[in-house]
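What follows is a single structure, written as structure tokens, with notes after it.
The values are calculated or read from the model by the stated rules, or taken from the named source; none is laboratory data. This one's a predicted model, so the numbers in the text were calculated from it and none came from an experiment. When we count neighbours, we look across all protein chains shown, and the Cβ atoms used for this are built from the backbone with ideal geometry, even at glycine. Ligands, DNA and RNA are excluded from the accessible area calculation, which covers all protein heavy atoms including side chains. Shrake-Rupley method; radii C 1.70, N 1.55, O 1.52, S 1.80 Å.
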Amino acid sequence: MLDARARLLLKALVERYIADGQPVGSRTLSRASGLELSPATIRNVMSDLEDLGLIVSPHTSAGRIPTARGYRLFVDTMLTTQRDPQADAEHLNAPRLARDQPQKVISNAAHILSSLSHFVGVVMAPRRTSVFRHIEFLRLSEKRFLVIIVSPDGDVQNRVIFTETDYTQSQLVEAANFLNSHYAGMAIEEVRERLQNEAEALRGEIAALMQVAVRVSSEAIESRDEVVVSGERNLLAVSDFSSDMGNLRKLFDLFEQKAQLVRLLDVSSRAEGVRIYIGGESQAIPYQELSVVTAPYEVDGQVVGTLGVIGPMRMPYERMIQIVDITSRLVSSALSFSK
């Protein structure tokens with residue numbers, strides 16, 4: 001627990017460091033906090049904050065900077081977010097969301113997030129329903145088969161599966177015909193449940209093939225979750241990253257591969273309102289130098305995806321919360337309108 005004086009000094013230190021990017025010394029902190037304290041008193045309080053792991057002294061400076069734990073305490077207990085007219089005005093001047101084109105809504109939203117934050121904007125496209133219209137099997141070699149899944153919107157997914165039993169092409173046709181005639185138009189998870197209940201009515205080897213096919217079909221459809229990333233090059237201008245090319249390469253790999261982004265945004269979609277992950281807290285993106293601000297968006301009251309801003313720990317959190325929150329509401333409105 002911090003007393004009022006320590007909290008005020010920590011708040012002033014975090015705000016000053018976010019604004020300037022320079023370690024904060026006791027004299028600067030005295031002016032920023034507005035407290036009439038001697039430099040010795042401020043140094044003592046800073047020493048206590050350092051012992052608590054809330055600030056740290058870089059070896060090149062006598063000043064202090066916040067740690068991830070310090071930022072977390074600042075965000076959770078000291079940040080007061082109020083509606084910022086400037087953020088509203090900037091959104092009005094941003095590229096319009098094409099209400100009649102859902103895919104453009106997503107790409108424009110990512111661009112808005114990156115251009116207003118000057119960091120990286122990410123948007124996970126709305127989840128697609130795991131429904132199949134048609135399925136086919138093709139024998140490639142012994143115990144190796146191709147599953148072809150066609151979704152209601154005509155999207156085609158292919159997956160190679162390996163089975164313990166070898167099947168003839170006629171058996172594969174039989175299994176595909178059964179699935180198409182009995183389950184086409186159903187969600188994959190519903191098909192999986194019904195297959196388990198009806199397995200006894202099917203020949204054992206065909207039932208096993210169908211269950212494997214349904215599992216990979218589910219994985220294929222889920223893997224279509226798309227993350228749109230905009231503004232990666234903005235990180236080149238961030239001093240926290242630009243001095244370390246190794247770190248920059250890791251970050252660009254993160255945005256290129258996207259799998260970790262999908263996991264983070266998927267977790268964020270289950271939470272209400274704006275979420276903030278600081279310095280690797282998310283586990284999905286374990287980079288100590290990054291912070292992520294996310295919010296879910298809805299279509300007709302149902303959460304269908306997540307968007308956010310990724311940048312350095314030294315980001316103006318209050319402004320990022322405003323940008324992410326307003327953008328999520330704009331996307332929700334545009335996508336609900338386009339239905």
**Report entry** Residue among HIS59, HIS91 that alone is surrounded by fewer than 15 Cβ atoms within 10 Å (Cβ to Cβ) and at pLDDT below 90
**Finding:** HIS59
Query raised in the report: Would a scan of the range 139-159 turn up a residue that is exposed (fewer than 14 other Cβ atoms within 10 Å of the Cβ), assigned to a strand (DSSP E or B) and touching a Phe, Trp or Tyr at 6+ places or on another chain (Cβ under 6 Å)?
Result: yes
Query raised in the report: Taking SER223, is it small (Gly, Ala, Ser) and either touching a Ser or Thr at 6+ places or on another chain (Cβ under 7 Å) or at pLDDT 80 or above (or both)?
Result: no
Query raised in the report: Which one is modelled with the lowest pLDDT among residues in the range 123-133 that are surrounded by 15 or more Cβ atoms within 10 Å (Cβ to Cβ) and not small (Gly, Ala, Ser)?
Result: ARG128
Query raised in the report: From the set of residues in the range 17-48 that are surrounded by 13 or more Cβ atoms within 10 Å (Cβ to Cβ) and among the charged types (D, E, K, R), which is farthest from GLY70 (Cα to Cα)?
Result: ARG43
Report summary line: Of the residues in the range 160-170 that are assigned to a strand (DSSP E or B) and open to solvent by 30 Å² or more (accessible area, probe 1.4 Å), the one that is farthest from ARG270 (Cα to Cα) is PHE162
Query - SER239 of a type in the set (Ser, Thr, Tyr), under 30 Å from HIS118 (Cβ atoms), surrounded by fewer than 16 Cβ atoms within 10 Å (Cβ to Cβ) and at pLDDT 75 or above - result: yes
Query raised in the report: Where residues in the range 32-56 are modelled with pLDDT of 90 or more and in a loop (DSSP other than H, G, I, E, B), which of them is nearest to LEU10 (Cα to Cα)?
Result: LEU54
